Amino acid sequence: MQSSNLILFTFLGLVILSTLLPPLDARAFFVFGDSLVDSGNNNYLMTEARADTFPYGIDYPTHRATGRFSNGFNIPDLISQYIGSEPPLPCLSPELHGEKLLVGANFASAGVGILNDTGFQFANIMRIDEQLQKFTEYQRTLRSYIGAEKAKELVNKALVLITVGGNDFVNNYYLLPYSARSREFSLPDYVNYLTFEYKKILLRLYDYGARRVLVTGTGPLGCAPAEIALRSTDGNCAEELMRATDLFNPKIVQLLKELNSQYGSDVFTAANSNRMHFDFVMNPKAYGFKTAKIACCGEGRYNGIGICSRLSNLCKNRDEHVFWDAYHPTERANRLIVNRMMTGSTDYMSPMNLSTILALDEIH
């Protein structure tokens with residue numbers, strides 16, 4: 001009897017211990033980009049580009065706004081669940097120290113683009129240059145915590161996500177009828193310029209130690225409720241913005257192929273977020289949505305005018321909507337996108353999906 005009790009207590013102790021320790025295979029995760037992946041950095045900045053008030057976060061476990069531009073979890077949260085880790089903290093969070101450093105960090109900031117003049121209407125956002133600078137500062141702190149060799153290994157083995165580019169169109173080139181960039185460039189030339197500048201960003205990530213980088217293209221920009229409300233007379237996706245999407249995304253895929261060829265390995269993986277999102281924008285009912293045009297939270301036509309706030313229209317069932325607010329997907333839509341990242345064919349993930357990446361890294 002005493003032997004049985006000892007076995008039982010030992011088993012219970014192991015169960016409790018296993019819940020306290022991080023998963024053995026958990027890897028660090030670093031996030032760069034804009035509001036699609038910002039987990040709260042802008043909460044710490046004096047800017048209007050923020051999501052720290054109700055009803056943002058209404059379906060988050062705490063039911064409180066966290067700075068995520070979502071009703072609940074965003075894409076980094078859901079990827080973290082797949083790789084067996086807690087979501088990385090915003091790099092500006094005062095809690096990012098000690099063991100939390102080993103999880104990684106989220107450097108994303110709502111409103112930013114590839115170009116430094118993108119989102120100029122938002123003051124005090126962390127542009128990509130600053131996000132990369134914060135990454136180097138993080139690594140210095142990490143080295144002081146675990147030593148240079150282990151810090152280098154953690155960064156090299158980490159998963160990196162970068163989501164940027166959409167704002168360079170909606171909050172720059174097409175922000176005004178005759179914006180400075182649209183007067184400077186034709187659309188094809190602007191796309192070439194963005195691609196050239198994006199390459200510099202990706203090269204810096206590699207120089208800073210990133211070896212597994214998921215790079216998303218833009219989603220179907222013209223299908224966002226804000227753009228339908230502003231630019232469409234018939235409720236269809238805005239054609240000019242869809243043209244921008246169709247020009248930009250293939251350029252990024254080609255860029256990543258060239259970089260992988262240069263480095264002799266599959267450092268960069270292209271996530272075709274346009275195709276992922278477009279699937280259920282074009283056929284929402286096939287994916288269990290009632291609408292892909294009307295945002296859950298907003299005002300005006302398609303709930304696409306203005307910001308999501310306490311005074312906005314708010315749908316009762318967020319799972320029925322593709323879009324949470326004028327530009328950002330609902331948690332349920334984010335889950336579908338991440339599912340495609342994990343298991344999608346080469347139409348969605350090139351050269352391989354995230355499940356394959358994780359399996360290959362497990363072998364090596």
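The values are calculated or read from the model by the stated rules, or taken from the named source; none is laboratory data. Everything numeric in this text was worked out from a predicted model, so none of it was measured. Cβ: placed from backbone, ideal geometry, glycine included. Neighbour counts: every protein chain shown. Side chains included, ligands, DNA and RNA excluded: accessible areas come from the protein's heavy atoms. Shrake-Rupley method; radii C 1.70, N 1.55, O 1.52, S 1.80 Å.
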- Any idea how far apart Ile363 and Glu99 come out in nm if each label point goes 7 Å out from Cα toward Cβ? 3.3
- Query: By average Cβ neighbour count within 10 Å, what is the ranking of 33-40, 92-99, 337-344, 254-261 from highest down?
  - Reply: 33-40, 337-344, 254-261, 92-99
- Message: Leaving out ligands, DNA and RNA, and with a 1.4 Å probe, what % of the accessible surface on the chain is carbon or sulfur?
- Response: 55
- Message: Please report, ordered by residue number, every helix of the chain (full DSSP H runs) that is 20 Å or longer along its axis going by C-alpha atoms and whose mean Kyte-Doolittle hydropathy reaches 0.5.
- Response: 2-20
- Mind giving me the nanometre distance, one decimal, between the label points for Asn283 and Asp319, set 7 Å out from Cα along Cα→Cβ? 2.2
- 10 Å-binned pair-distance histogram of the stretch 36-162 (Cα, whole percent): 13, 42, 34, 11, 0
- Note on the structure: In the chain the DSSP beta bridges are antiparallel at a rate, in percent to nearest 5, of 25
- Item | Whichever lysines have a C-alpha closer than 29 Å to that of Lys134, once near sequence neighbours (fewer than 8 apart) are set aside | Lys100, Lys150, Lys152, Lys157, Lys199, Lys200, Lys251, Lys257
- Message: Taking θ = phi - 60°, what integer Hz values does the Karplus form 6.51 cos²θ - 1.76 cosθ + 1.60 yield along the stretch 165-182, in sequence order, with x for Gly and Pro?
- Response: x, x, 5, 5, 9, 6, 10, 8, 4, 9, 5, 10, x, 10, 5, 4, 5, 6
- Message: Could you sort His364, His328, His63 by their accessible area in this structure, using a 1.4 Å probe and putting the largest first?
- Response: His364, His63, His328
- Item | Protection proxy ranking of 244-251, 282-289 - average other beta-carbon atoms within 10 Å, highest first | 244-251, 282-289
- At what distance in angstrom do the alpha carbon centres of the stretch 307-325 and the stretch 200-273 lie from each other? 26
- No other cysteine beta carbon under 4.7 Å away is the test; run it over the chain and list who passes. Cys91
- Task: With the convex hull built on the Cα atoms of the chain, state its orientation-averaged projected area in nm².
- Result: 21.0
- Surface accessible to a 1.4 Å probe, Thr141 within the full protein complex, Å²: 70
